[in-house]
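Reviewing the structure listed below.
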Ligand code: HEM
């Protein structure tokens, strides 16, 4: 919504904004949605063989990490595209909190991959998933 000359308008985004946000959101669907899908497939994968969940997780990692990298690149693009002179204190604060959740999401998923015990693996997976969901919700708040 734009507020030009005091008139509220509902208008389309520009082609560049569509490209920027579509890439960011597409990467988020792979990174966040993929975690839900893989978690949901684990019982079936386990029934197919003890080493199957690990193989599925490794295959997902080949998609998830490039998606995470795309989120960071397009995230900086988003940040550069925002009108910072008119950003409110709460926008800046939420952006800072979002950066912490992005860091926690990446760390959680990375430590999940390297964990030695099932308990640690589960705990790190939960950190990765919840931090990713938080980053997504805070991103929606930033886009307004
Ligand atoms: C786990 C990683 C991330 C996820 C899941 C995520 C998700 C999202 C989502 C869903 C939106 C809302 C898009 C919309 O409603 O149109 C968004 C917006 C935004 N994101 Fe991210 N994001 C991530 C990482 C990043 C990073 C690393 C940065 C900055 C370096 C960033 C900066 C932004 C900004 C500035 C916006 C607002 C864009 C605008 O108003 O045009 N994001 N994000």
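Quick notes on this one:
- Stokes-Einstein translational diffusion, segment 10-143 - Kirkwood Rh over all Cα pairs, 1.306 mPa s, 10 °C, in µm²/s: 99
- Highest average first, the peptides 79-88, 126-135, 31-40 ordered by how many other beta carbon atoms sit within 10 Å of their residues are 126-135, 31-40, 79-88.
- Mean separation of Cα contacts under 8 Å, 6 or more apart, over the residue count of segment 10-143: relative contact order %: 25
- Rounded to the nearest 500, the 222 nm mean residue ellipticity of the chain from helices alone is -27000 deg cm²/dmol, with -39,500 (n - 2.57) taken per DSSP H run of at least 4 residues.
- In degrees, nearest ten, helix 34-48 long axis to first principal axis of the chain (Cα): 10
- Once the Cα atoms are used to define both axes, helix 15-28 deviates from the longest principal axis of the chain by about 20 degrees.
- Nearest 10 degrees, 0 to 90: helix 118-143 Cα axis against the chain principal axis: 10
- Span from the segment 88-125 Cα centroid across to the segment 1-64 one, whole angstrom: 16
- Ordering 97, 18 from the fewest to the most neighbouring beta carbons within 10 Å gives 18, 97.
- On a per residue basis, the convex hull of the C-alpha atoms belonging to segment 1-73 measures out at 108 Å³.
Read-outs throughout are calculated quantities, based only on the coordinates presented, and are distinct from any laboratory measurement. Not measured: the values here are computed from a predicted model. Virtual Cβ from ideal backbone geometry, glycine too; neighbours counted across all protein chains shown.
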